Amino acid sequence: MKACKQCKALVKNSNKCPVCGSEDLTEKWYGLVVILNPEKSELAKLLNINVAGEYALQLE
Ligand SMILES: [Zn+2]
(Lines give C-alpha, C1' and ligand atoms only; values in the text may rest on other atoms or scores of the structure.)
Protein backbone atom coordinates (compact mmCIF):
# COMPACT_ATOMS: atom_id res chain seq x y z
CA MET A 1 0.00 0.00 0.00
CA LYS A 2 1.27 3.46 -0.89
CA ALA A 3 0.55 6.88 0.53
CA CYS A 4 -0.12 10.07 -1.38
CA LYS A 5 2.57 12.70 -0.83
CA GLN A 6 0.07 15.51 -1.30
CA CYS A 7 -2.73 14.56 1.11
CA LYS A 8 -1.36 11.40 2.83
CA ALA A 9 -4.31 9.24 1.74
CA LEU A 10 -3.47 5.55 1.45
CA VAL A 11 -3.73 4.19 -2.08
CA LYS A 12 -4.56 0.54 -2.77
CA ASN A 13 -4.08 -1.19 -6.12
CA SER A 14 -3.66 2.08 -7.97
CA ASN A 15 -1.04 4.59 -9.02
CA LYS A 16 -3.35 7.50 -8.45
CA CYS A 17 -4.65 9.00 -5.23
CA PRO A 18 -8.45 8.56 -4.92
CA VAL A 19 -8.76 11.69 -2.79
CA CYS A 20 -6.77 14.38 -4.60
CA GLY A 21 -5.88 12.66 -7.90
CA SER A 22 -2.13 13.03 -7.43
CA GLU A 23 0.23 10.40 -8.83
CA ASP A 24 2.98 11.42 -6.44
CA LEU A 25 2.97 8.37 -4.13
CA THR A 26 5.44 6.88 -1.68
CA GLU A 27 5.85 3.46 -0.08
CA LYS A 28 7.66 4.96 2.89
CA TRP A 29 5.04 5.95 5.40
CA TYR A 30 4.22 5.28 9.05
CA GLY A 31 1.08 5.05 11.15
CA LEU A 32 -2.36 4.27 9.83
CA VAL A 33 -5.17 6.71 10.57
CA VAL A 34 -8.77 5.90 9.69
CA ILE A 35 -11.01 8.95 9.35
CA LEU A 36 -14.72 8.12 9.27
CA ASN A 37 -16.35 11.49 9.90
CA PRO A 38 -13.92 14.26 8.94
CA GLU A 39 -16.35 17.01 9.94
CA LYS A 40 -16.67 15.56 13.46
CA SER A 41 -13.10 14.41 13.96
CA GLU A 42 -10.60 16.56 15.86
CA LEU A 43 -7.83 14.40 14.42
CA ALA A 44 -9.04 15.11 10.89
CA LYS A 45 -8.93 18.84 11.59
CA LEU A 46 -5.46 18.49 13.04
CA LEU A 47 -4.27 16.60 9.95
CA ASN A 48 -6.22 18.83 7.57
CA ILE A 49 -8.29 15.94 6.22
CA ASN A 50 -11.67 16.68 4.63
CA VAL A 51 -12.46 13.34 3.00
CA ALA A 52 -13.20 10.09 4.86
CA GLY A 53 -10.70 7.30 4.30
CA GLU A 54 -7.42 5.80 5.44
CA TYR A 55 -4.40 8.05 5.81
CA ALA A 56 -0.76 7.77 6.72
CA LEU A 57 0.19 9.57 9.92
CA GLN A 58 3.68 10.38 8.71
CA LEU A 59 5.63 10.18 5.47
CA GLU A 60 9.36 9.58 5.36
ZN1 LIG B 1 -3.79 12.58 -2.41
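The values are calculated or read from the model by the stated rules, or taken from the named source; none is laboratory data. Being a predicted model, the structure only gives us computed values, none of them experimental. Positions of Cβ are backbone-derived with ideal geometry, glycine not excepted, and every protein chain shown enters the neighbour counts. For the accessible areas, the whole protein counts, side chains as well, though only heavy atoms, and no ligand, DNA or RNA atoms are used. Shrake-Rupley method; radii C 1.70, N 1.55, O 1.52, S 1.80 Å.
Numbers at a glance
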item: Residue, nearest to the ligand (Cβ to nearest atom), within the range 5-17, restricted to residues that are touching a residue at least 24 places away in the same chain (Cβ under 8 Å) and in a strand (DSSP E or B); result: 9
item: Residue in the range 40-49 that is in contact (Cβ under 8 Å) with a residue 12 or more places away in the chain and near the ligand (Cβ under 9 Å from one of its atoms) present; result: no
item: Verdict on residue 20 being part of a loop (DSSP other than H, G, I, E, B), over 9 Å from the mean Cα position of the chain (by Cα) and within 13 Å of the ligand (Cβ to nearest atom); result: yes
item: Search result, residues across the range 23-37 that are farther than 10 Å from residue 56 by Cα, open to solvent by 30 Å² or more (accessible area, probe 1.4 Å) and part of a strand (DSSP E or B); result: 25
item: Filter pass, residue 8 being among the basic types (Lys, Arg) and surrounded by fewer than 15 Cβ atoms within 10 Å (Cβ to Cβ); result: no
